[in-house]
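Here's the structure, in structure tokens; my notes come after.
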Amino acid sequence: MRHIAYVGISSLAIALSLAGCAATGGSRTSAVTTADIQRGMTPDGVLADLRAGNERFVSSRSTSYDWLGQAERTARGQYPKAIILSCLDSRVPVEVVFDQGIGDIFVGRVAGNIEDVDQLGSMEFGTKAAGAKLIVVLGHTECGAVKGAIDRAELGHLTALLESIDAAIATVPTGGLGRTSKDGAYVDRAVEANVRHTVRDILAQSTVLSDLVAAGDLRVVGAVYDLRSGRVRWLDA
């Protein structure tokens, strides 16, 4: 059984944005996503918003947030625009790389960005009940979980988690070195295959989510975050 760790906004996101604000001396925004704003959003519009946010991040133009102001304004309700299923990796601070504030996105995190019944239930809540318009499965370069699955690493409950990635890896042609995490190009292909596999699983296993997609109220897309550049590469989006 897959086990998911589900978390909200990261302390790293807060620290980086506060540090950036202090360095620039610029004004901070306390604006948040409201019910009216969320109702006016479309899946394509939310995707464009996340794309633009990542462009601001890689260009060192991230928004300066008034975090306490946003915390106060969102305390009585939340109207997120998207759900991001990310790897557990500490080098992927999701709110930061998409330049999003408190209340803007749901974030689910687990090694290898895989889904299980708990994560699917969370996504169904986040979309059908809470109104999010987009689900992003976010893998990243040099993923330790994918490397562990490639090398068939074993460690307690981690063994079962890594086995969940094996079906995706099995679809990836090996290079001259065979199935090994020492082959960087092979790891890159496996990371992408794992993201695509999770996207397909989400739609296949949840009629709630697939019905929302069919109605045009939701998109489910895959992406890969580059640890070195900070840039998100979108897959078929």
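Here the 3J(HN,Hα) profile of region 33-39, calculated from phi with Karplus coefficients 6.51, -1.76 and 1.60 at θ = phi - 60°, is 6, 9, 4, 5, 5, 4, 4 Hz, Gly and Pro shown as x.
Distances between placed amide hydrogens fall under 5 Å for Arg231 paired with Asp226, all partners being 5 or more residues away or on another chain. Tally Lys/Arg at +1 and Asp/Glu at -1 over every other residue whose Cβ is under 12 Å from the Cβ of Ala153; what's the total? With Lys, Arg at +1 and Asp, Glu at -1, the neighbours total -2. Scaling against 2.2 N^0.38 Å puts the C-alpha radius of gyration of the chain at 1.02. What the phi angles of region 168-174 give under the Karplus curve with 6.51, -1.76 and 1.60, with θ = phi - 60°, is a coupling list of 5, 4, 4, 8, 9, x, 7 Hz, glycine and proline written as x. Projecting the Cα atoms of Pro93, Leu155, Ile169 onto the dipole axis of the chain, where Lys and Arg carry +1 and Asp and Glu carry -1 at the beta carbon, places Pro93 farthest toward the positive end. Given R0 = 41 Å, the distance between the Cβ atoms of Arg91 and Asp217 translates into a calculated FRET efficiency of 0.80. Taking the Kirkwood radius as Rh and the Cα radius of gyration as Rg, region 37-111 has a ratio of Rg/Rh equal to 0.96. Residues whose amide H lies under 5 Å from that of Leu88, counting only those 5 or more places away or on a different chain, are Val110, Ala111, Gly112, Asn113; hydrogens are built 1.01 Å from N in the peptide plane.
Figure legend: label point modelled 7 angstrom from the Cα of Thr207 along Cα→Cβ; residues of region 91-122 with amide N under 16 Å from it are 121.
Under 11 Å from the 7 Å Cα→Cβ point of Ala48, by amide nitrogen: which residues of region 201-217? From region 201-217, the list is empty.
Could you work out the helix-only [θ] at 222 nm for the chain, with each DSSP H run of four or more residues adding -39,500 (n - 2.57) and the total divided by the number of residues, to the nearest 500 deg cm²/dmol?
Details: 11 runs with 102 residues, N = 237.
So the helix-based figure for the chain works out to -12500 deg cm²/dmol.
Near the amide H of Tyr65, within less than 5 Å, lie the amide hydrogens of Thr29, all on another chain or at least 5 residues away, with H placed in the peptide plane.
3J(HN,Hα) couplings calculated from phi for region 179-195 with the Karplus curve 6.51 cos²θ - 1.76 cosθ + 1.60 (θ = phi - 60°) are, in sequence order, 7, 8, 6, 6, 8, x, 5, 5, 4, 4, 5, 5, 4, 5, 4, 5, 4 Hz; Gly and Pro show x.
How high is the relative contact order of the chain? Use alpha-carbon pairs under 8 Å, at least six apart in sequence, and give a whole percent.
Values: 426 pairs, mean separation 54.6, N = 237.
Relative CO of the chain lands at 23 percent.
Between Ala75 and Ser27, full extension at 0.36 nm per residue minus the direct alpha carbon distance yields a gain of 15.1 nm.
Computed from the coordinates by the stated procedures, all read-outs in this text should not be read as laboratory data. All values reported here derive from a predicted model rather than from experimental measurement. Cβ atoms come from the backbone with ideal geometry, glycine included; neighbour counts cover every protein chain shown.
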